[in-house]
């Protein structure tokens, strides 16, 4: 039986370097995969270290209540984030411009309000891109935030949002105002559950518009500062992203 000995010459060095390179590449792939997974995480709230709160209003209907909401927000010097739906933008571009001109943040709620978890990644991507183009054509700025219809957050829509370089926004407090409860119920749902870094989901409805002044007043009395969703989450470390619902 013959035994092959490798002398510590050029061949030995080549093999050693190749092994080191393979090891470093493997570490790089692991780091990339870890980063990829973190980027895909939905954001439910901001940091709990500061007494800040953000109102997130999803808009696919209810345009008749938006002027009143804008008036209330201006009177109270509060800026919020409107997540605009593409088909709505097609019908009401001037109202979107008013939101933007008033200093409110504009995010995307997709184009056609589909069930994202029933679409492929490419299907979600097309829906997002169509909405983004409409928003950009209207405001000359692209949205950086995306709120998925129905709060669906499966792999396909998460990957599509990542491809669009969006932050994937959900919520920690839900007004459930689409059911049209009384203004008092909406106020209680928000004020009683208020917490540092909360993202409050709402829609443009009659009871929401009626409840809005008291929501702002009572939360300010509790010491909360109103900021946009982008402001609330911009400095949020990845490890602090809260993957939990209230």
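Table for the structure above
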read-out: Number of the exception - residue 5 against (1) in a loop (DSSP other than H, G, I, E, B); (2) at pLDDT 95 or above; value: (2)
read-out: Selection from segment 83-112 of residues that are surrounded by fewer than 19 Cβ atoms within 10 Å (Cβ to Cβ) and at positive phi; value: 103
read-out: Residue within segment 185-196 that is over 21 Å from residue 51 (Cα atoms), more than 22 Å from the chain's Cα centre (by Cα) and surrounded by fewer than 22 Cβ atoms within 10 Å (Cβ to Cβ) present; value: yes
read-out: Any helices (runs of 4 or more DSSP H) falling wholly within segment 128-234 and containing at least 3 residues that are within 21 Å of residue 77 (Cα to Cα); value: 183-193, 206-221, 229-234
read-out: Odd one out for residue 159, checked against (1) free of Cβ contacts under 8 Å to residues at least 60 places away in the same chain; (2) in contact with a helix residue (DSSP H, G or I) (Cβ under 7 Å, 6 or more places away or on another chain); (3) over 23 Å from residue 200 (Cα atoms); value: (1)
read-out: Boolean, residue 196 is in contact (Cβ under 8 Å) with a residue 24 or more places away in the chain and more than 13 Å from residue 57 (Cα to Cα); value: yes
read-out: Number of positions in segment 131-158 that are surrounded by 15 or more Cβ atoms within 10 Å (Cβ to Cβ) and more than 13 Å from the chain's Cα centre (by Cα); value: 8
read-out: Selection within segment 72-104 - in a strand (DSSP E or B) and closer than 19 Å to residue 133 by Cβ; value: 82, 83, 84
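The values are calculated or read from the model by the stated rules, or taken from the named source; none is laboratory data. As the structure is a computational prediction, the values presented were derived from the model and not from experiment. Quick reminder, even Gly has a Cβ in these numbers, built from the backbone with ideal geometry, and neighbours come from all protein chains shown.
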